[in-house]
Amino acid sequence: MAELISGKVVSEKVRLQIAEDVKSFAKETGKVPGLAVILVGNDPASSVYVRNKHKACLQVGITSYQIELPESTTEEELLERIDALNADEKVNGILVQLPLPKHILEDKIINRISPKKDVDAFHPENVGRIVIGGYDFLPCTPAGIVELLDHYKVDISGKSCAVVGRSNIVGKPMALLLTERNGTVTLCHSRTKDLASITSSADILVVAIGKPEFLTANMVKEGAVVIDVGINRLADGRLVGDVKFDEVEPKVSKITPVPGGVGPMTITMLLKNTLTAAKKQL
Ligand code: GUN
């Protein structure tokens with residue numbers, strides 16, 4: 001039986017620490033860190049994520065500014081909102097929930113957020129800092145995964161790591177963070193030939209491709225550590241990851257459940273980045 005890597009347990013612990021740190025920050029500076037979250041349109045999944053971010057802010061004493069805009073919002077209107085938040089001293093972090101409606105160019109929006117307030121670490125300047133070193137923020141999901149690996153004493157150094165999925169939000173930065181920790185990383189994607197031969201030789205396997213129960217037992221090495229980033233709602237209402245949990249779990253040493261694995265850590269890292277941003281902006 002594999003040990004369950006619980007993002008719920010670890011995030012509760014980390015959030016208690018963040019709440020303490022927010023209190024000390026407020027005492028020393030007289031300021032409360034603030035996070036602005038912008039949601040455009042009414043994608044149901046995004047609405048749930050944004051609501052969870054709001055609740056998490058309140059839990060640790062960060063002020064949350066929720067900005068909900070209609071689907072019809074123009075790119076220019078959204079850019080104006082961002083300019084106002086960039087200039088607002090009470091707002092230390094800005095997050096625009098992705099995906100955006102098709103008529104708005106995501107790159108243009110991300111590029112407009114001040115790199116100092118870019119708590120997602122999506123701005124090219126922050127991405128560049130992660131590649132080269134000397135960063136202030138790490139992208140929330142990959143950073144949360146490294147935090148989980150550390151908590152469960154999974155040594156990354158020298159290990160063979162496979163990341164499945166090359167998105168800008170998870171796969172690419174994940175490969176960078178594992179490399180920084182001296183893992184030997186293969187970044188796999190939809191054009192990868194013989195994917196199973198790569199995944200089944202990995203000591204640490206991170207799956208982030210958004211395909212329900214894609215990774216099966218024949219694709220993992222005995223004793224591997226498996227991190228499942230997927231959150232997929234099936235037609236029958238079940239919530240599953242990108243890993244076929246029931247058949248993979250008996251074969252591996254450690255695995256994240258869905259839900260309760262990576263998900264809670266992503267928001268926790270967002271809180272941490274918001275506090276970091278507030279400190280850097282003093
Ligand atoms: N959509 C899905 N994940 C994320 C995330 O981490 N940040 C933002 N801004 N949008 C997302």
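The values are calculated or read from the model by the stated rules, or taken from the named source; none is laboratory data. Predicted, not measured: the structure shown is a model, and the values here were computed from it. Neighbour counts are summed over all protein chains in view; Cβ atoms, including those assigned to glycine, are modelled from backbone coordinates with ideal geometry. Side chains included, ligands, DNA and RNA excluded: accessible areas come from the protein's heavy atoms. Shrake-Rupley method; radii C 1.70, N 1.55, O 1.52, S 1.80 Å.
Annotations for the structure displayed:
- Using every pair of separate Cα atoms, the Kirkwood estimate puts the hydrodynamic radius of the chain at 19.5 angstrom.
- Here the extension length gained between E77 and A45 equals 9.2 nm, from 0.36 nm per residue of separation less the Cα-Cα distance.
- Probe 1.4 Å, accessible area per residue of the chain, Å²: 48
- Sequence-distant lysines (8 or more away, or on other chains) whose Cα lies within less than 16 Å of K251: K221
- If you sort the three axes of the alpha carbon gyration tensor as a ≥ b ≥ c, you get a/c of 1.5 or more for the stretch 233-282 and a/b no higher than b/c, which makes it oblate.
- Of all aspartates and glutamates in the structure, the ones whose alpha carbon falls short of 20 Å from that of K280, not counting any fewer than 8 places away in one chain, are E20, D21, E28, D83, D88, E89, D118, D120, E125, D136.
- From the C-alpha gyration tensor of the stretch 124-282, square roots of 5λ in Å: 26, 18, 14
- For the stretch 112-177, the dipole from Cβ point charges (+1 on Lys and Arg, -1 on Asp and Glu) about the Cα centre works out to 180 debye, to the nearest 20.
- Beta bridges per DSSP with both ends in the chain, % antiparallel, nearest 5: 5
- Theoretical gain in end-to-end length, V9 to R233 [0.36 nm per residue, Cα-Cα removed]: 78.3 nm
- Greater than 29 Å apart at Cα, pairs in K211/K279; K53/K159; K31/K55; K108/K193; K117/K244; K153/K272: K211/K279; K53/K159; K108/K193; K117/K244
- Taking the convex hull of the alpha carbon positions in the stretch 38-136 and averaging its projected area over all directions gives 6.6 nm².
- Shape analysis of the stretch 28-91 places it in the oblate category; the axes a ≥ b ≥ c from the Cα gyration tensor give an a/c of at least 1.5, with a/b not above b/c.
- Within the stretch 122-143: backbone nitrogen closer than 17 Å to the L98 label point (7 Å, Cα to C-beta): 122-131, 137-143
- Each stretch of four or more DSSP H residues adds -39500 (n - 2.57); spread over every residue of the chain, this sum gives -13000 deg cm²/dmol at 222 nm.
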